[in-house]
Every structure is written in structure tokens, then in C-alpha cells.
Amino acid sequence: MPLLLRTIAGRAVPALRGHTVSQRASVYTRPAKEKIGPVETAIGLGMFSLAILGPSGWILAHLEDYKKKE
């Protein structure tokens, strides 16, 4: 029974949607033009870590300030 419903839905949905524009990502499968060195890798990882962990660290460092109600 689920196979029958899946088949019916698979055929009905494109007909109900009409013509849609399909978007494709521009993915290149070639190797990089320039090699990325260890310094650039460390800087990139450091920036990502700061962007992800920075706001949560700020909140945890100022948690007592948030708890105070004046």
C-alpha cells in the first residue's frame, strides 16, 4: 500500500506544481588553482572557531550579569 501511494504521489506532484525553474549549483570538480598553506589553514580554522565559540563564550563569561535583576 505505501508503494502505491508513493507512486501516485510521485506522478501527481510534478503535474500539480507546473513548470518550475530548477536551480543547479556551480560545482567545479577540478583541483584548486593554488595550494592552501598551513598558515592560511590555521587562520581559517581560528576564525571559524572564534565565530562559532565567541558568542557562547561571551554569554558564559557574563552569565552573572544576565542573572542580576535591578
(request) Take each of the peptides 41-52, 25-36, average the number of other beta-carbon atoms within 10 Å over its residues, and list them starting from the highest. (result) 41-52, 25-36
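Can you give the FRET efficiency for R30 and L50, using 1/(1 + (r/R0)^6), R0 = 35 Å, r = Cβ-Cβ distance, to the nearest 0.05?
On the way: r = 31 Å, r/R0 = 0.88.
The value I calculate is 0.70.
Every number in this text was worked out from the coordinates using simple rules, so none of it is lab data. Just so it is clear, the structure is predicted and the values come from calculations on it, not from any experiment. Here Cβ is always computed from backbone atoms with ideal geometry, including for glycine, and neighbour counts include all displayed protein chains.
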